[in-house]
Structures are given as C-alpha cells and as structure tokens.
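Colleague: Dumping the structure here so I can ask a few things about it.
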Amino acid sequence: MDYDVIIVGMGPVGAMCANLAGMWGLDALVVDKSETVYANPRAMGFDHEVMRVLGNVGLADDIAEHVMPYRPSEYRTTGSQLIKRIDAAKPPFPLGWAPNYVFSQPPVERALRGRIASFKSVTVELGSEVLAVDSAESQANVRIRAKDGIERTVSAAHVLACDGGTSAIRTRLGLKMEDLAFDEPWLVVDVILNEGAGESLPKTNVQFCELARPCTFVVGPGRHRRWEFMINPDEQPAEISQPETIKKLISRWLPEEDYQLWRASAYRFHALILEQWRADRVFFLGDAAHMTPPFLAQGMCQGIRDALNLVWKLSLVKGGLAAPAFLDTYQTERIPHVRQTTMAAKEFGGVICERDSDRAAIRDARLIQQMKDNPDGTIRQSLIPGLSKGFIGNAAPAGELFPQPMVINHRGKQALLDEFTGQSFRVVIAPGFDASALLRCLRSSQSLKGLPIHVVRLVGPGQAGVRSADDYEEVDGLLEQWLERRGCNVVIVRPDHYVYGGAVTVAWAMELLEGMELALWCRQPEHATAHLAKEGDETMRFAQTLTQ
C-alpha cells in the first residue's frame, strides 16, 4: 500500500486534513487540480473551535494579522428598526479564543498549505486530477492524472473526499443528499476600503431584513467589507453581478470612489446533507458531505469539524489501537451535529429572507418581544450543539466541548492547555481530589497502553509539595469552575476536545476508562469487575466498589 490516506481536494478542509494527518503521523498524499490557492474570499467566518485546531497545528500566530474577532450581529427590519441581536460570549473565553472570527480566506489557506511542508509524512501533488476511486477489500485504488498528462494508480487504506460541493467522487458513486428545503439566490460582494474611507459604515454586522431586498453587511479584518444581496425573482445572476449594478447596490452605504471591488459572485445558498458519509474506504468531508446556508458563518466550520473528528480515529485504527469499525462513529457523530447546526442556520435564513409583508410583520413583533424578554440577546455559540451520540459516555458532561484554560505548568511556563497536551486523550482531575490510585492503574494498564494519554491534575497556587509534569495551575479558574458546575472530579477528554465522560469517584472514573477501551474496539461492556480485574489487585478492589 502506498499511503495511509489520500486526500482529494486542498481547500481549507483538505488542507486541514493534511495538517492533522501529518500531526498524527499518517502517510498521506494530497491531490488537487489547482496549483494555487483560490484568489478570492469565499468563507469569511469561523469560530473558536476552528481557531483552537488552528492553534493545535501551530498556525495561530501565523494568521493573526488576517483574522479579527467577529462583531455582534444586528437584525434590522424595513425602517431600520432593531428586531434581533446576536452577541458573542464575554471573557473568559471557554476555549481560550474569542468565540467567533472573521478572516481573509486566501492568506489563511496559504498558511495552512505552508504548514503542511513541515510534515515529512505528507506529500502534496498540485495540478493533478483524480480520475477514479475504487475500493478493494484491503485498500482503495486511486487513478491520478498528473499535470504532465501521465496517469498512474496509487493505493491507500482510506480516501478522504474533500473535493467540494460538486464532488466528482460523490457523483460517480451516485450518493444522495438530503435536501433540507432551503434554496435562495444571493450575490456576494467583497470590497477593500480605500485609506480613510468607510467611517460612515455600520461598526457592527447587520442583517437588513427588508422586504425590497434582504441584504447583509459584514465587517471584515483590516479594510475588508462584505455585502450579500438577495437576488430578486426578476433578476438574472449574470446581470446583477455586473460592476455597474454592484455600484448602485452599494451606493446606499458607500460612494464608488471609496473602495476597490475585490470580487462579486452569485450563489444559491443550499441546506443539504449527504445521506451516506462513507462508501467502503471513502469518507466525505466539507462541502462534499454537506452545504450550510451562511447565516451563522458555520459552513467552513462544519468541514473543519469533519477533519477534526475523523483523522485521529484513522490514526488509532492504523496503529492497532481501535477496531476498523470504530471509523463508523464518524458518520454517527457528525450527521446529527451538522443537521442541528444547518437547521439553525436555515432558521436564521428564513428570518432574513422573508419577503411577505404580513409574515414579516408577525416576525418583527415576535422578535421584538423576544428582545424584551431576553435583553441580553442571543449568544451565537449557544446555537452550536455538542455530540449527542457515538464515542461518548452515557451521562453529562459527555459530548460537551472541553474548555481550554490558561495554565502554568510545573516548570513555570504559562500557555493555553493544548500547548502542553496537544490533541490527546486527557484524564483531567479537579483540585484537591485524590486520584492517585486511578493514576497508578492507568499507568500500569496494558489495555490502554499505546493510546496518547495526558494527565492534567489541577493544583492551587498555594498547594504544597514538589510539582510533577502532570500538575497545572490555572490562571483564571475557568476549568475548576466548569468542573464544579458539572459536579465532576475526573473528566476524560477525546483528542478532538469533546468530553468522553465525567465522574465523581475513582471507581466511576475507572468504569469510564473501561467503557472507553471497549468502545474503541466496538465491544459491549461486560460485568465491570471481569475486565478491571486484569489490571491487578489494586484495580480489582476499586472495581468491586462498582457493584456495591
């Protein structure tokens, strides 16, 4: 076999897959027909979960000048009356980063591609086209035509189809997408403000929910600004995309001498979800698996979550640390998450796109009343779900995103927690909780040997004694408070930063670890003591408490 994975498509999702594959030690080939990053912006927003994984692959500093925290969104009806407001969560930020960002896509994509070069196990082949993908019993065979016209077949354990909304791989396989009944034509216009211009523009993002033409204004990083205009039924996309028409549309806010047109493209905003995310040895990610209306800025986020969910699982299976069937949790976990997020975006789109005056009046009254009932507004991240099924325990906080506090390690270095633990399994222990027996059993366990596991034991600033490599002092108490609110003394965290499960007692935590190991091998738990007894007498004593 030539590779562990072949990644088809090198947009932001494919490029992130390649970075994660390199980080997890997978031999990967990345193939893309284009030799360059697409010059124009498409996605413009991402959230703290994406920023966290960008930090994990070492890009947070490199892209800093191309990103900016997302501003609140105001919804204004005809006559500019405020009917809804969506805010970002206030500090301290639960994942260590601002909850939402706007960004300039081309330089961020270039940074993602540039980072791939640091991974020796990843090969990039640009200007090449994938002609066919065939799954055999033990491998996938991929037919590639290089830019010089030479064709060859290479093999891999798995293929990751990141080849976009028109995915040729998906089309060849005849896979169906579920239509969530959203199909609206819009024109997206990006401009760069001239020096000193734009002072009269809104200082925050605005959804103009107007009957004549719903439209959106987004404040981008630097002098980048975006308008999105709904295309009316009597208009043709090719005509409304002409520079003269665009000037007329923008003239309400800005004279043409104040900006340079960056790009204008007409789109149909869809809500679609692939029914089958895996076809033998082929997995679908990003727009090849789903399309999300842009009204929550979650389109690219959904694809990055796909990559974050799948790559570590591929690595465990390759290393003999999980059963091949464990990869089925990719679809099990991602479809409900994508569906709920897409439906939330669709609901917001329905609010914005309403053209009927009577229904719009009912909408306005309802939203104004909601603002009175909830004057603090909606927090954007409250709309994004956790995991509801798959590789998680059966009780809260399983499925939640694990916080990332600022910590000080045993050597006195201060950084966000992921900088010390990376994307690994983590056993997190609350301050003052005696988990020494659990840790002894964890370190002597043969069944968990080989898994990338870090212990995170929170300690207070005045705690006596010599600190070990497992000890971390929090700077702001974020994680300690999170544990207290959930009533947990021990939490087990997955490599993609979702919580596998939480426990109050050592025995409960050991049961969680047993369940996690069985789930990796797709086996049902037996009587707890039967498995844990294998780890030694001390473990057996704790296992016996599970039946008392």
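Read-outs: derived from the displayed coordinates by stated rules, not from any lab. Fair warning: this is a prediction, and the values are worked out from it, not measured in the lab. Neighbour counts are summed over all protein chains in view; Cβ atoms, including those assigned to glycine, are modelled from backbone coordinates with ideal geometry.
Colleague: Please list, by residue number, every one of the GluC sites (Glu not before Pro) in segment 178-274 that is coil in DSSP and has at most 13 other beta-carbon atoms within 10 Å.
Modeller: Values: sites: Glu178, Glu195, Glu199, Glu210, Glu228, Glu235, Glu239, Glu244, Glu256, Glu257; in loops: Glu195, Glu199, Glu210, Glu235.
The qualifying sites are Glu195, Glu199.
Colleague: Residues in segment 320-340 near a label at Glu178, defined as backbone nitrogen under 11 Å from the 7 Å Cα→Cβ point?
Modeller: Only 335-340 fall inside the zone, counting backbone N under 11 Å.
Colleague: Assuming a ≥ b ≥ c are the square roots of the Cα gyration tensor eigenvalues, decide whether segment 50-163 counts as rounded (a/c under 1.5), prolate (otherwise, with a/b larger than b/c) or oblate. Present the calculation step by step, with values, prior to reporting the outcome.
Modeller: Numbers: a/c = 2.70, a/b = 2.13, b/c = 1.27.
Judged from the Cα gyration tensor, segment 50-163 comes out prolate (a/c at least 1.5, a/b above b/c).
Colleague: Expressed in nm to one decimal, what extension gain is obtained for the pair Asp328 and Thr153 from 0.36 nm per residue of sequence separation less their Cα-Cα distance?
Modeller: Details: separation 175, 0.36 × 175 = 63.00 nm, distance 2.65 nm.
Full-extension gain reported as 60.3 nm.
Colleague: Over the chain, what is the relative contact order in percent, taking alpha-carbon pairs closer than 8 angstrom and at least six residues apart? Present the calculation step by step, with values, prior to reporting the outcome.
Modeller: On the way: 1076 pairs, mean separation 81.0, N = 548.
The value is 15 percent.
Colleague: Also, quick follow-up: Output the DSSP H helices from the chain with an along-axis C-alpha extent of no less than 20 Å and a mean Kyte-Doolittle hydropathy no less than 1.0.
Modeller: Values: long enough: 299-318 (29 Å, 0.45); 329-353 (35 Å, -0.34); 357-373 (24 Å, -0.92); 506-520 (21 Å, 1.12).
Helices meeting the criterion: 506-520.
Colleague: Please report the antiparallel percentage of DSSP beta bridges with both residues in segment 406-545, rounded to the nearest 5. Walk me through the numbers on the way to the answer.
Modeller: Numbers: 13 of 21 bridges.
Within segment 406-545, antiparallel bridges account for around 60 percent of the total.
Colleague: In addition: Mind grabbing the base-10 log of I(q)/I(0) for segment 139-191 at q = 0.25 Å⁻¹? Debye formula, identical points on the C-alpha positions, no solvent, two decimal places.
Modeller: Each listed q corresponds, in turn, to -1.17.
Colleague: Among Met343, Met510, which comes first, second and so on when ranked by fewest other beta-carbon atoms within 10 Å?
Modeller: On the way: Met343 17, Met510 26.
The fewest-first ordering by Cβ neighbours comes to Met343, Met510.
Colleague: I would also like to ask the following. Among the trypsin sites (Lys or Arg not before Pro) within segment 238-318, which fall in a DSSP loop and have no more than 12 other Cβ atoms within 10 Å of their own Cβ?
Modeller: Values: sites: Lys247, Lys248, Arg252, Arg263, Arg268, Arg278, Arg281, Arg305, Lys313, Lys318; in loops: Arg252, Arg281.
Filter output for segment 238-318: Arg252.
Colleague: Continuing with the same structure: Given Leu518, Met177, Leu387, which one lies farthest toward the positive end of the charge dipole of the chain, if we put +1 on the Cβ of every Lys and Arg and -1 on the Cβ of every Asp and Glu?
Modeller: In the chain, that residue is Leu518.
Colleague: Could you give the length gained by full extension between Ile379 and Arg339, i.e. 0.36 nm per residue of separation minus their alpha carbon distance, to one decimal place?
Modeller: Full extension of this stretch gives 12.4 nm more.
Colleague: For segment 231-289 and segment 380-439, what is the centre-to-centre distance using only Cα atoms, to the nearest Å?
Modeller: Rounded to whole Å, the Cα centres lie 38 Å apart.
Colleague: With the cut-off at 1.5 for a/c, could you classify segment 406-545 from its C-alpha gyration tensor as rounded, prolate or oblate? Intermediate values should be presented prior to the final figure.
Modeller: Working: a/c = 1.88, a/b = 1.66, b/c = 1.13.
Verdict is prolate for segment 406-545.
Colleague: Now, a different point. Within 10 Å of each residue's Cβ, count the other Cβ atoms and sort His48, His290 from fewest upward. Mind showing how you got there, number by number?
Modeller: Numbers: His48 25, His290 28.
Least crowded to most crowded, the residues run His48, His290.
Colleague: A follow-up question, please. Calculate the spin-label point distance for Glu65 paired with Gln463, positioning each point 7 Å from the Cα along the beta-carbon direction, and give it in nanometres.
Modeller: Placing both labels 7 Å along Cα→Cβ, they lie 4.1 nm apart.
Colleague: Separation between the Arg110 and Gln236 pseudo-spin-labels, each 7 Å from Cα along Cα→Cβ, expressed in nm?
Modeller: Reported label-point gap for Arg110 and Gln236 is 3.6 nm.
Colleague: How long are the semi-axes of the equivalent ellipsoid of the chain, defined as square roots of 5 times the Cα gyration tensor eigenvalues? Whole Å, largest first. If you can, show how the numbers build up before the last one.
Modeller: Details: eigenvalues 353, 177, 94 Å².
Its equivalent ellipsoid spans semi-axes of 42, 30, 22 Å.
Colleague: For Lys33, list the lysines whose Cα falls under 21 Å from its own Cα; do not include residues on the same chain fewer than 8 positions away.
Modeller: Lys147
Colleague: Continuing with this model, one more query. For labels at Asp358 and Leu261 in the simple 7 Å Cα→Cβ model, what's the distance in nm?
Modeller: 4.0 nm
Colleague: Let me ask something else about it. If you average the C-alpha positions of segment 62-123 and of segment 159-181 separately, how far apart do those two centres end up, in angstrom?
Modeller: What the calculation gives is 27 Å, centre to centre.
Colleague: Under the 0.36 nm per residue contour assumption, what length would be gained going from the current alpha-carbon distance of His410 and Asp280 to full extension? Each step should come with its number before you reach the end.
Modeller: Working: separation 130, 0.36 × 130 = 46.80 nm, distance 4.61 nm.
Extra length available between His410 and Asp280 comes to 42.2 nm.
Colleague: Pull up all non-local amide H partners of Gln276: gap of 5 or more, or a different chain, and H-to-H distance under 5 Å with H placed in the peptide plane.
Modeller: Distant-sequence amide H within range of Gln276: Lys176.
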